[in-house]
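S.K.: One structure follows; several queries about it will come next.
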C-alpha cells in the first residue's frame, strides 16, 4: 500500500486517467427524480420485481388469485345466456376478496419499510438530496399504487368481460367507475395502515403478524359484534360498529355513496349522513397514517 | 468535474463557534474549524461529538448556535445542495442482505439524482475502484466485513461527490483489512480528487492516511494541524548496520564513532526502538539536517560495515496527542509525575 500511495501522491491529477477513475460531469436530476425513483423501485418491489425469485412468489400468487376469480366470474357471465349483468357488483369484489388483499398488505408493507429500518439503510437516503417527506410520500404512494393494481386489475377484467358479454354499456361503466373509486379509497387506506404498522414493528415476523391483526382481527371483531347486535334487534348499533374496522369502513362509504349493497348484517349499511362520518373517519385515518410515518422517520433520521 | 487541484485554497468545511446542546449533554461546544481539501482525520474518543458534527455538516440536524459551511454552502439553509455534492458512509451496518452490491449501489446512485444509465455505469466503475469484482452480483448478506465496508464506501462515492464523510470506516476490520481500507481512503483523494473527512478513535491509523488531523474531545477542539506538524517536528533516523570481522559489534562501533562526532543518540541499547524489527541492532539518531545523513553514511563506510537501513522514523500522532493532553493536564493540575512522563516522550 505504502509504495502505491507514495507515487500517487507525487503526481496529482496526471495519474487520474491512467488509473481509470472517471469523474461524473453529467446531469444530477435532484430531489423530484430521486423521489420518483424511490416510488418506482418500491412499487416494483411490492410485486417482487427487482428482487429475488423467492420474493416474487407470494405477491404474484395473490395477484393471480384476484385475476383468476375475476376471470371465472366473467366466464360464468358469458356461459349463462340468461344473465343481463355480472354475477357480482364491482364494489363487492374487494369486500369478498379482502383476505387476499389483507395478505398482500401484510407481506408487502413490511418489506417496503421495515427492511430499511431493520438494516438501518434509512440514513443513506437522508444523507442524499431527498427529505423525510419525499421518502414517506414515495413509500406511501408506491404501496397505494400496488394495492390499486391488485384490486383494480380484476375490476378491469370484469369490465372488459362485461362489455364482451354485451351487457348494458351505461350500467357497466357506471358500476365500474364506482368500483374503481371504491378500491382507490381502499388502497390508500390500507396502504396507510399497513405502512404505519410495519414502520412501528421493524422486526420481520412481527410486522406481518401485526398488519394481519389490524386488518382481519378488527374485521372479525366488528362483524361478530354486528351479528350479535342484529340478533338482539339493536340494528341502529350496526352502522356505528362498522367504523371500527378498515374493510367495514370502505363497505360503509361505498354503500352510502357508490351504490354498493352492504355486507353488513341486514344489508342496510349507513345512509348518507352516517356515510359522511365514514368518509371522515377514512380520510382522518389516511391523514393520521401519514402524520405517524412522518414522526417515525424524524426519529430515525440518521 | 473537480479534481483536487481546482478546489485548492478553498475551504471545504468551515465551522464557527458551532454548538449543539441536547437537554442533558453538550455534544459540541463552540467548535471552530477550518478544513481544506485533502484527507482530514477527525479524531476523538467515543462520544467526543464526531457523529453530531457529521449530522450538522449534512444539514440534517440544526446547530444550537454558531454557523457551519460545507463546500461554501450554509448547512442551515442549503442542506439539499450539500447532500448532492457530499457522500456519507455511516459507522453502523446499513446494507440490506438480500440484494446484490450492484443493485444496491445503483439504487443509491439514483437516490443521489443520477439518471438510470449513468447510475449503472458509475456503479460498475465505483465498485471496481473499491475492489469488488465478481462478488458484486451476489447478495450482500454473504459478504465479509471487509467487503461490506467497501460497498458502504462505494455508495458514498458513486455520485462522484466533492467531499466524502467517512464515519469510522475501519471499524471491525482486521489489520490487513484496515490497511487496505486506509489505502483506499488515501486513493479517494489522490486518484479520485475527492476530499475526505474520516473519523476514527484510533490516532495511529490516521497518521499514514491524513494530510491534516483535527482532534476533538468533549465537543471542543483540542488540536488542529497538518499531519506533518504532528509527526515531523524533529526527525529521528533509524540506522541498522551489519557486523564485520574487525567490528564484531558493528552497532556499538557506530554508536561510539557517532557519539564522538557529537551526534545525539536517542535512548540506548535499542530501548526506544521498540516496535521496529531487530530492535537491539538499531540506533536511533537525531537528525539535525542534511549533514547528519552524510555523517552517518561516511561513518559506516569508514568502519567498513554494511548499511542495512537508514530510515526516517516519524513520531506517532499518539505521542503528540498524549503530549497535548498531558501539557494541558500539567497546566491545570501541575502533577509532577504526569509531566515527567510527557516530557520524557518529547525528546524523541
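S.K.: Once chain A is represented by equal point scatterers at the alpha-carbon sites, with solvent omitted, what log10 I(q)/I(0) does the Debye formula produce at q = 0.07, 0.10, 0.12, 0.14 Å⁻¹?
M.R.: Those come out to -0.36, -0.64, -0.85, -1.08, one per q.
S.K.: Right, something else. How many angstrom lie between the Cα centre of the stretch B:33-69 and the Cα centre of the stretch A:95-143?
M.R.: Cα centroid to Cα centroid, the span is 31 Å.
S.K.: For peptide B:191-198, how many partner chain Cβ atoms fall within 10 Å of a residue's Cβ, on average?
M.R.: Details: counts 12, 5, 5, 2, 0, 0, 0, 0.
The shielding value for this peptide is 3.
S.K.: Taking Cα atoms of the stretch A:30-113, Rg/Rh with Kirkwood Rh, to two decimals? Intermediate results must be reported in sequence, preceding the final value.
M.R.: Working: Rg = 17.1 Å, Rh = 15.0 Å.
Ratio value, two decimals: 1.14.
S.K.: Quote the relative contact order of the stretch B:4-231 in percent (integer), defining contacts as alpha-carbon pairs under 8 Å separated by 6+ residues. If you can, show how the numbers build up before the last one.
M.R.: Working: 451 pairs, mean separation 63.0, N = 228.
Relative CO of the stretch B:4-231 lands at 28 percent.
S.K.: Based only on Cα atoms, what mean projected area does the convex hull of the protein assembly as shown have, in nm²?
M.R.: On the way: hull surface 156.0 nm².
With every direction weighted equally, the projected area is 39.0 nm².
S.K.: For a paramagnetic label modelled at 7 Å from the Cα of residue A:79 toward its Cβ, which residues of the stretch A:155-177 fall within the zone defined by backbone nitrogen distances under 15 Å?
M.R.: Hits in the stretch A:155-177 for residue A:79 at 15 Å: none.
S.K.: Spin-label point model (7 Å from Cα, Cβ direction): what's the residue B:246 to residue A:272 distance in nm?
M.R.: 12.0
S.K.: Tell me the Kirkwood radius of the stretch A:82-159: reciprocal of the mean inverse pair distance over distinct alpha-carbon atoms, in Å. Mind showing how you got there, number by number?
M.R.: Numbers: mean 1/r = 0.0669 Å⁻¹.
Evaluated over the stretch A:82-159, this radius sits at 15.0 Å.
S.K.: What does the average come to when, for each residue of peptide A:113-126, you count the partner chain Cβ atoms lying within 10 Å of its Cβ? Spell out each step's value before the answer.
M.R.: Numbers: counts 0, 0, 4, 2, 0, 2, 9, 6, 9, 1, 9, 13, 3, 7.
Taking the mean over all residues of the peptide, I get 5.
S.K.: Which whole-number percent gives the relative contact order of the stretch A:117-225, counting Cα pairs below 8 Å spaced six or more residues apart?
M.R.: Working: 52 pairs, mean separation 31.1, N = 109.
Across the stretch A:117-225, relative contact order equals 29 percent.
S.K.: So, how do all the Cα-to-Cα distances of the stretch A:205-269 break down into 5 Å bins, in percent, from 0 on up?
M.R.: Per 5 Å bin, starting at zero, the Cα-Cα P(r) for the stretch A:205-269 comes out as 4, 19, 27, 21, 15, 8, 5, 2, 0 percent.
S.K.: Let me ask something else about it. Could you put A:89, B:264, A:54, B:50 in order, starting from the residue whose Cβ has the fewest other Cβ atoms within 10 Å?
M.R.: Working: A:89 19, B:264 13, A:54 9, B:50 26.
Lowest count first: A:54, B:264, A:89, B:50.
S.K.: Now a separate question. Explain nothing, just the number: relative contact order of chain A, from Cα pairs under 8 Å at least 6 residues apart, as a whole percent.
M.R.: About 21 percent, as a whole number.
S.K.: If the convex hull of the alpha-carbon atoms of the stretch A:158-302 is projected onto planes in all directions, what is the mean projected area in square nanometres? Numbers along the way, then the final one.
M.R.: Numbers: hull surface 44.3 nm².
Computing the convex hull of the Cα atoms and averaging its projections yields 11.1 nm².
S.K.: Taking only the alpha-carbon atoms of the stretch B:4-231, what semi-axes of the equivalent ellipsoid follow from 5 times the gyration tensor eigenvalues under a square root, in whole Å, largest first? Write down the numbers at each step before the final one.
M.R.: Working: eigenvalues 156, 75, 59 Å².
The equivalent ellipsoid of the stretch B:4-231 has semi-axes of 28, 19, 17 Å.
S.K.: Would you tell me the mean number of C-beta atoms belonging to other protein chains that fall within 10 Å of each C-beta in A:28-41, as a whole number? Can you show the working numbers first?
M.R.: Values: counts 9, 7, 5, 5, 1, 6, 6, 1, 1, 11, 3, 0, 1, 5.
That works out to 4 on average.
S.K.: Still on this structure: Express in whole angstrom the spacing between the alpha-carbon centres of the stretch A:236-302 and the stretch B:148-211.
M.R.: Cα centres, the stretch A:236-302 to the stretch B:148-211: 52 Å.
S.K.: Give the order of A:244, A:264 when sorted by the count of other beta carbons within 10 angstrom, beginning with the fewest. List each step's numbers first, then the result.
M.R.: Working: A:244 15, A:264 24.
Arranged by neighbour count, lowest to highest, A:244, A:264 become A:244, A:264.
S.K.: Now for a separate question. Express in % the proportion of alpha carbon pairs of the stretch B:66-151 at distances exceeding 17 Å.
M.R.: Numbers: 2000 of 3655 pairs.
Above the 17 Å cut-off, the stretch B:66-151 has 55 percent of its Cα pairs.
Bear in mind that the values in this text are calculations on the coordinates, not laboratory data. Quick caveat: nothing in here was measured; it's all calculated off a predicted structure. Every residue, glycine as well, gets a Cβ built from its backbone with ideal geometry; the counts of neighbours run over all protein chains shown.
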